[in-house]
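Visitor: Pasting in a structure now, in structure tokens, and then I'll have a few things to ask.
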Amino acid sequence: MTRTIYEFTESFRIAFQQIRANAMRSVLTALGVIIGIVAVTLMGTAINGINIGFQNSLAMLGEDILYVQRWPWRNVDDWWNYINRPAIRIEHAEKLNRIIESTPNSLLEVAVPVAGRGSSVKSGDIKLSGVTIIGSTSDYSRIVTADIAEGRLYNDIEANAGRQVCVLGSSVAETLFPGRPALDQVVDIRGQHFTVIGVLAKQGEFLGLFSFDNQIVVPLAALRKYWGSRIDLQLRVKVKDKTKLMQAEEELQGAMRRVRSQLPAERDNFSINQQQAFKAQLDPVKSGIAIAGLFITGLALFVGAIGIMNITFVSVKERTKEIGTRKALGARRRTILLQFLIEAVSICLIGGVVGLALTFGIAVGIREKLPALPVEFSGSLIFISMAVSIITGIVSGFLPALGASRLDPVVALRYE
Amino acid sequence: MTAPAAPAAHIHRPTRPPGALVIEIEGVTKLYKMGAEIIHALRGVQLTIRRNEYLAIMGPSGSGKSTLMNMLGCLDTPTDGRYDFNGKNVAHMVDDELAEIRNREIGFVFQTFNLLPRSDALHNVELPLIYAGMSPSARRERALAALSNVGLADRIHHKPNELSGGQRQRVAIARALVNNPSIILADEPTGNLDSKTGEEIMALFEQLYDQGQTIIVVTHEEDIARHARRIVRLRDGLIESDARVH
């Protein structure tokens, strides 16, 4: 055991002597590994970034919120089964809340009706189009995933009376009232004046598709006043315990069927959606990107590994006589094997560390200059790239090292 | 065959009484395949070597001298026959077992010194002890002792290219001695040295012999062989003569 330790340290000593003695050659060989590691780890940061962006996006939907809607959050081939589903109305929310209240130990907390409409808005000379106008009740505060940065949400009285008050998403506030407080200002939504009573904190984009900050929340009653009472709604149902989401969904399904007075044989005429649905749909896309990306970048690493293998073969050839001498002095096969493996691994590790440092620099640079690109450097990336370096060294150094270990000492000693 | 009149310097050399049996070779043959041809390098060699003998192995090229040396040094195994080293049968040992024997029992001295060029004298001498699994402090102590035994106590941190040929060979001899081996096996130890330095090295062997070492020198030079107390001559894979030198 101690012998192995001594042989190990001796091997590292030789490896670093060797790398220093052949500095140019070692640098060029390591370059292959550096490029490979940079490619792989950059891909890793991108995948990390995508993952985190994805999680953040899902968090905007709320981990403990179930969405009752006419359509499911997935592509449906049988659209005719959905198109004639009855709309979801505000009465459904009221009925559902009564059921929740009368159910002992209900897993559901509250159902909140939410309506959404695209519209353009303006304030003074500044006009902003494509803003989502959200209408809801005062319970909206219980399901909103964004913090309220300034002011407040409308209260019960304002909501029930359909007061013309509004809460702005952060980018709406920034655009309409650049550099000045939005509170108590007036926003013109399709000719109606709404007073700003609050501003939401910045949430970011949902999967890079649309911005959650590009919305205005108003009382549902006010919305219905101007856009008609038959406006299509969704119900957002808050769950008490997000770890029991599945059971909660089942309870909600039963409750909704009662609300909709469905017969036992009937199929649900509503869909219950949750962030998991997105996950299920996007996970294969995500892993597809990851596999393709890692495969392509892995090729760069593979080329680097071939370089290592080549240089180890050269090193073994050059030092055949030394191998003979070491064997004559009592080096066993695995001692020689270890020596050349450690040499290959050392070059790879140096390449790995340099490559990782480069990646870190690039990732920081991208985040500064191009914040839209998803990159995320993580601790596990350090671990993974070191492991990859070591494995690359072992894999590419193994054949030449095995050859060296099996050299006949008589032949090796005679080699000139 | 007796050596011609020995130089004056060699006349009063005492021959030390040989000790226990170290090497016992009986009926050893060695075949090589060279393409389709089979070469009989050794054709049945008989040889015993005792502790504290000083032996020279001679022979023209192709006589099997190198093959016998490789065999004695446990670098190679015989095709047939018996080879006992300190009572252990080494004829059928595998690579790593042979490495173990070489490490503990045999000190090699090569014609080309075979030092590690980027390591200093001390580390070169320590090398066999590393493979023996000795601790760094014990290693250093033993290596320093071996180096001062060959008169290089003041050169321990010199690299081979900072040493003269004779000094390099003395580092190699210190490396051969460091494990307290049963035999020192020297292959043309003066082949790369001028005659004066060669004589110095042979004087060092004489000194080691006096200290009780068992020395086997493989050479084709009569002048070198004459330092030994016993000369074994090979021809065509057989021992032609095995005689004491006086």
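The values are calculated or read from the model by the stated rules, or taken from the named source; none is laboratory data. All values reported here derive from a predicted model rather than from experimental measurement. Cβ atoms come from the backbone with ideal geometry, glycine included; neighbour counts cover every protein chain shown.
Visitor: If the Cβ limit is 6 Å and pairs must be 6+ apart or interchain, which residue in segment B:74-103 that is at negative phi pairs with which residue that is in a loop (DSSP other than H, G, I, E, B) and not hydrophobic (A, V, I, L, M, F, W, C)?
Guide: Close Cβ pairs (under 6 Å, with a partner that is in a loop (DSSP other than H, G, I, E, B) and not hydrophobic (A, V, I, L, M, F, W, C)) amount to B:A91/B:T77; B:A91/B:P78; B:D96/A:R332; B:A99/A:G330; B:A99/A:R332; B:R102/A:G330; B:N103/A:G330.
So that you can scan it fast, the table gives a plain yes or no per residue for (1) surrounded by 17 or more Cβ atoms within 10 Å (Cβ to Cβ); (2) closer than 30 Å to A:A39 by Cβ; (3) of a type in the set (V, I, T):
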{"position": "A:L233", "(1), (2), (3)": "yes, no, no"}
{"position": "A:L245", "(1), (2), (3)": "yes, no, no"}
{"position": "A:R258", "(1), (2), (3)": "no, no, no"}
{"position": "A:N269", "(1), (2), (3)": "no, no, no"}
{"position": "A:I272", "(1), (2), (3)": "yes, no, yes"}
{"position": "A:Q275", "(1), (2), (3)": "yes, no, no"}
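Visitor: Using beta carbons and a limit of 9 Å, which pairs, at least six apart or on different chains, have the first residue in segment A:10-26 and within 11 Å of another protein chain (Cβ to nearest Cβ) and the second one modelled with pLDDT of 90 or more and surrounded by fewer than 15 Cβ atoms within 10 Å (Cβ to Cβ)?
Guide: Listed by first residue and then by second, the contacts come to A:A21/B:P117.
Visitor: So, of the residues in segment B:76-127 that are under 25 Å from A:A21 (Cα atoms) and in a helix (DSSP H, G or I), which turns out to be farthest from the other protein chains (Cβ to nearest Cβ)?
Guide: This residue is B:A121.
Visitor: One residue is enough: does segment A:84-106 have a residue meeting the conditions among the hydrophobic types (A, V, I, L, M, F, W, C) and either free of Cβ contacts under 8 Å to residues at least 24 places away in the same chain or under 20 Å from A:G204 (Cα atoms) (or both)?
Guide: So far as segment A:84-106 goes, no, none of its residues is among the hydrophobic types (A, V, I, L, M, F, W, C) and either free of Cβ contacts under 8 Å to residues at least 24 places away in the same chain or under 20 Å from A:G204 (Cα atoms) (or both).
Visitor: Which of the residues spanning segment B:153-173 are over 20 Å from the mean Cα position of the chain (by Cα) and among the aliphatic types (A, V, I, L, M)?
Guide: B:A153, B:I156, B:L163
Visitor: In this structure, does A:K202 turn out to be buried (at least 17 other Cβ atoms within 10 Å of the Cβ), under 27 Å from the mean Cα position of the chain (by Cα) and not in a helix (DSSP H, G or I)?
Guide: It is false that A:K202 is buried (at least 17 other Cβ atoms within 10 Å of the Cβ), under 27 Å from the mean Cα position of the chain (by Cα) and not in a helix (DSSP H, G or I).
Visitor: Can you list the strands (runs of 3 or more DSSP E) lying wholly within segment A:107-181 that have 2 or more residues being of a type in the set (V, I, T)?
Guide: Qualifying strands (runs of 3 or more DSSP E): A:108-123, A:126-136, A:165-168.
Visitor: Inside segment B:71-100, can you point out the residues that are crowded, with 23+ Cβ neighbours inside 10 Å and farther than 14 Å from B:E26 by Cα?
Guide: B:G73, B:C74, B:L75, B:A99
Visitor: OK, next. In this structure, does B:G107 turn out to be within 18 Å of B:M71 (Cβ to Cβ) and either touching a helix residue (DSSP H, G or I) at 6+ places or on another chain (Cβ under 7 Å) or modelled with pLDDT under 95 (or both)?
Guide: yes
Visitor: Something else about it: I'd like the residue in segment A:303-314 that is surrounded by fewer than 21 Cβ atoms within 10 Å (Cβ to Cβ) and over 37 Å from the mean Cα position of the chain (by Cα) and, out of all such residues, is farthest from the other protein chains (Cβ to nearest Cβ).
Guide: Checked segment A:303-314; the qualifying residue farthest from the other protein chains (Cβ to nearest Cβ) is A:N310.
Visitor: Next question. Take the residues in segment B:131-158 that are basic (K, R) and more than 13 Å from chain A (Cβ to nearest Cβ); name whichever of them is surrounded by the most Cβ atoms within 10 Å (Cβ to Cβ).
Guide: B:R142
Visitor: Additional query: Name the single residue, out of those in segment A:315-328 being among the basic types (K, R) and within 14 Å of chain B (Cβ to nearest Cβ), that is surrounded by the fewest Cβ atoms within 10 Å (Cβ to Cβ).
Guide: Looking at residues that are among the basic types (K, R) and within 14 Å of chain B (Cβ to nearest Cβ), I get A:K321.
Visitor: Quick check, is A:I50 under 30 Å from A:I296 (Cα atoms) and either within 14 Å of chain B (Cβ to nearest Cβ) or within 24 Å of the chain's Cα centre (by Cα) (or both)?
Guide: yes
Visitor: Mind listing just one residue for me: the one in segment B:200-232 that is over 20 Å from B:P17 (Cβ atoms) and small (G, A, S) and, of those, farthest from the chain's Cα centre (by Cα)?
Guide: B:A203
Visitor: Continuing with this model, one more query. Name every residue in segment A:77-100 that is over 13 Å from A:F270 (Cβ atoms) and not charged (D, E, K, R), in order of residue number.
Guide: Within segment A:77-100, A:W79, A:W80, A:I83, A:I90, A:N97, A:I99, A:I100 meet the criteria.
Visitor: Mind checking whether some residue in segment A:177-195 is buried (at least 16 other Cβ atoms within 10 Å of the Cβ) and within 25 Å of A:K279 (Cα to Cα)?
Guide: No: zero hits.
Visitor: Tally the residues that are surrounded by fewer than 23 Cβ atoms within 10 Å (Cβ to Cβ), within 25 Å of B:I49 (Cβ to Cβ) and of a type in the set (S, T, N, Q), restricting the search to segment B:180-212.
Guide: Of the residues in that region, 4 qualify.
Visitor: Only one of A:L402, A:L370, A:L338, A:L349 is surrounded by fewer than 24 Cβ atoms within 10 Å (Cβ to Cβ), within 14 Å of chain B (Cβ to nearest Cβ) and modelled with pLDDT under 95. Can you tell me which?
Guide: The match here is A:L338.
Visitor: When you check A:A331 against the structure, is it within 14 Å of chain B (Cβ to nearest Cβ), in a loop (DSSP other than H, G, I, E, B) and among the aliphatic types (A, V, I, L, M), yes or no?
Guide: Considered against the rule, which asks whether it is within 14 Å of chain B (Cβ to nearest Cβ), in a loop (DSSP other than H, G, I, E, B) and among the aliphatic types (A, V, I, L, M), A:A331 comes out as yes.
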